[in-house]
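A quick write-up on the structure given underneath.
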Amino acid sequence: MKTTIKTGIMQGRLSPQIGDTIQSFPVGTWQDEFLLAQKAGLNCIEWIYETGTDQINPLRNLEGIREIRKLEKESSVMVRSICADYYMNIHLLDPSGLPVPSVKSHLEWLIGQASRLECQYIILPFVDSSSLKTHEQIMGLETLLRSIVPMMEKNSVEIHLETDLPPSTIAGILSSLDHKLIRANYDIGNSASLGYNPREELPLLKQWVGSVHVKDRMKSGGTVPLGSGAADFAYCFNGFQSIPYNRPYILQAARENNISEVDLAIRNRTFVESFLS
């Protein structure tokens, strides 16, 4: 099943939920997700790299990367992005905002691994436990990113920032850095939950939007099925088209009972396509 609109899915969403985790690397079923994504009419999978499973994640070594590439070829479902949840627990910045040298080196290693997999970008999450709380941490983020630009350029890998900062602050960071490989991840549901208005947010960020996560959330609340929360999908998708945004839309929607993971992915893909066709 093919679609001209590029729609992908966050890794793990095509596997049974592991405990009470919102998302996690599907240790026993990651290989199966390629053909399941193909069945759902999806183009790509956004890979998860996290603590706890990092030592057995196939991104860890060349043998694992070769297996991923083999599955890509068999399914025509590609891995072009990595969600680096690892740094939500192993922080890139210390409480005073200084980059942590050992963690910075780890990120540079991950950039190299992403290049070997021919990934286009890595998403760095600065939300929840890794949220940027102070001006010093924001300045430290800029220092960190400037220091890894040579590694990004060498490997042609972008860094996308996923934050809970006000859009004017994110725009200020990206404007200050002013580099084509440093961009923003726009998470539709998270913005809605934080109460940000896309009519104000997208005009500020449009030149830097490099990736999009599709989810819905209640204002100040959790993830809900697409179309049942506070997200203004019609405005957001119209805004993405006007940028124009031509990269995959990554499904990160709420899980639901009484429907298979594949059928839910098909329904959510169709939901996205209804705004973009």
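The values are calculated or read from the model by the stated rules, or taken from the named source; none is laboratory data. Keep in mind it's a predicted model, so treat the numbers as computed, not measured. No Cβ is skipped: glycine too gets one built from the backbone with ideal geometry, and neighbour counts run over all protein chains shown.
Miscellaneous remarks
- Hey, F275 surrounded by fewer than 20 Cβ atoms within 10 Å (Cβ to Cβ), in contact with a Leu (Cβ under 7 Å, 6 or more places away or on another chain) and touching a residue at least 24 places away in the same chain (Cβ under 8 Å) or not: no
- Pick from the range 142-159, criterion within 18 Å of the chain's Cα centre (by Cα) and not small (G, A, S), ranking: nearest to S115 (Cα to Cα): V157
- The residues in the range 110-126 that are in contact with a Gly (Cβ under 8 Å, 6 or more places away or on another chain) and in a helix (DSSP H, G or I) can be counted, and the count is 0.
For (1) in contact (Cβ under 8 Å) with a residue 24 or more places away in the chain; (2) part of a loop (DSSP other than H, G, I, E, B); (3) under 20 Å from the mean Cα position of the chain (by Cα); (4) within 19 Å of I111 (Cβ to Cβ), each residue gets a yes or a no:
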| position | (1), (2), (3), (4) |
| --- | --- |
| T21 | no, yes, yes, no |
| L42 | yes, yes, yes, no |
| E46 | yes, no, yes, yes |
| E50 | yes, yes, yes, yes |
| G64 | no, no, no, yes |
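- All conditions in (1) over 26 Å from Q120 (Cβ atoms); (2) buried (at least 21 other Cβ atoms within 10 Å of the Cβ) hold for D232, with the sole exception of (2).
- Out of S105, S193, S129, S175, one residue alone is on the phi < 0 side of the Ramachandran plot, modelled with pLDDT under 95 and not in a loop (DSSP other than H, G, I, E, B). It is S129.
- Reported count of residues in the range 144-155, each being surrounded by fewer than 20 Cβ atoms within 10 Å (Cβ to Cβ) and in contact with a Leu (Cβ under 8 Å, 6 or more places away or on another chain), is 3.
- Out of I123, I159, sole residue that is aliphatic (A, V, I, L, M), over 18 Å from P95 (Cβ atoms) and in contact (Cβ under 8 Å) with a residue 60 or more places away in the chain: I123
- Remark: Y121 matches the filter, which requires a residue to be touching an Asp or Glu at 6+ places or on another chain (Cβ under 6 Å) and among the aromatic types (F, W, Y).
- E118 at positive phi and either among the acidic types (D, E) or in contact (Cβ under 8 Å) with a residue 60 or more places away in the chain (or both): yes
- When residues of the range 84-106 are limited to those that are of a type in the set (A, V, I, L, M, F, W, C) and more than 12 Å from F126 (Cβ to Cβ), the one surrounded by the fewest Cβ atoms within 10 Å (Cβ to Cβ): L98
- Test: residue in the range 70-83 that is under 22 Å from E162 (Cβ atoms) and among the basic types (K, R): yes
- Criterion: surrounded by 16 or more Cβ atoms within 10 Å (Cβ to Cβ), modelled with pLDDT of 95 or more and not basic (K, R) - qualifying residue of E118, E158: E158
One line per residue, one yes/no per condition, for (1) surrounded by fewer than 17 Cβ atoms within 10 Å (Cβ to Cβ); (2) out of contact with any Phe, Trp or Tyr (no Cβ under 7 Å at 6 or more places or on another chain); (3) closer than 21 Å to G112 by Cβ; (4) modelled with pLDDT under 95:
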position: G41; (1), (2), (3), (4): no, yes, no, no
position: I48; (1), (2), (3), (4): no, no, yes, no
position: T51; (1), (2), (3), (4): yes, no, yes, no
position: N57; (1), (2), (3), (4): no, no, yes, no
position: N61; (1), (2), (3), (4): yes, yes, yes, no
position: R66; (1), (2), (3), (4): yes, yes, yes, no
position: K73; (1), (2), (3), (4): yes, yes, no, no
position: V77; (1), (2), (3), (4): no, no, no, no
position: I82; (1), (2), (3), (4): no, no, yes, no
